[in-house]
C-alpha cells in the first residue's frame, strides 16, 4: 500500500509540475522490489530521450535485464554483426547477388569498348541500361576497362 501511495505521489508531482518531479522512486515500477534499483530512461538519450523526470524509470536489476532483453536493440545488433563476421570468415558473399558473373562483366565491357550501345548490351543480358552504366562506372573506378 505504501508503494502505491509513493507512485501516486510521484505521478501527482509530474502532473502538478508539468513533468518535473523531485521524488525518486524507492521501488521497482514493474515488480515492486526495493533491492538492486537502477534508475534509467524510458527513451534513451541516444534515441532522442530527454533528461526530464517524466522520461525516467526505476527498475530492479532483474526487471532491467528483462527490459533490455525485450527491447534492447544492442543485443539484436550484436547478433547480426556476429553472424555477418562468421559469413565473411567462411567466404560467403554478403548482400544481394550480382547480376552478372565476372566473365560476363568482362565480355559486356569488351562489347561496349567495341562500340555496341549500353541499351543493346543491357537487353542481351536482361539488365536495365542503368545497371550497365553502373558496371562501366565501377570498372573505371577500379582501373578496369571501359
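Placing a pseudo-label 7 Å from each Cα along the Cα-to-Cβ vector at residue 100 and residue 117 gives an inter-label distance of 1.7 nm.
The mean sequence distance of close C-alpha pairs (under 8 Å, at least 6 residues apart), as a share of the length of the range 23-115, puts its relative contact order at 20 percent. At R0 = 30 Å, how high is the FRET efficiency between residue 45 and residue 90 if r is their beta carbon distance? Nearest 0.05 is fine. Taking R0 as 30 Å, the efficiency between residue 45 and residue 90 is 0.20. When Rg and the Kirkwood Rh are both derived from Cα coordinates, the Rg/Rh ratio for the range 102-141 amounts to 0.91.
Values quoted throughout were computed directly from the atomic coordinates according to the rules given, and no laboratory measurement underlies them. Given the structure is predicted, the values throughout are model-derived calculations rather than measurements. Methodologically, a virtual Cβ is constructed for each residue, glycine included, from the backbone with ideal geometry; neighbour enumeration extends over all protein chains shown.
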